[in-house]
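No value in this document is a laboratory result; all are computed from the given coordinates. Predicted model only: the values in this text are computed from it and were never measured. We place every Cβ from the backbone using ideal geometry, glycine too, and count neighbours over all the protein chains shown.
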Amino acid sequence: MQHKNLGARVAFENVLCKQETKLAILCSIKGEELWFPLSNVFQESQVRKRGSSGTLLVSEWIAWKKGLVRNDSWEEDSDRDSYWNVDAYYGAD
């Protein structure tokens, strides 16, 4: 699985959307199933609806929160973790 850091955006190739809700999509990425809030999925992303596949274009922050990329400056800032818990908000595991 390759990803490209596009500044505030990160692109992941060969991603499949398995489920969708009004607020989020469940994607198969890097051998895991992860929920992504649609507010962090860019309009240009090929993956936005159930059954779609291709390149997933998400914010760098959500990619970091999901453990898909590293950002050393955010890892040092523990307050950034506490202000919004995406998984709790969307009810994902």
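Label points 7 Å out from Cα along the Cβ direction at Glu33 and Asn14: separation in nm?
With each label point 7 Å from Cα toward Cβ, the separation is 2.0 nm.
Evaluate E = 1/(1 + (r/R0)^6) for Gln43 and Asn71, where r is the Cβ-Cβ distance and R0 equals 22 Å; express this FRET efficiency to the nearest 0.05.
0.45
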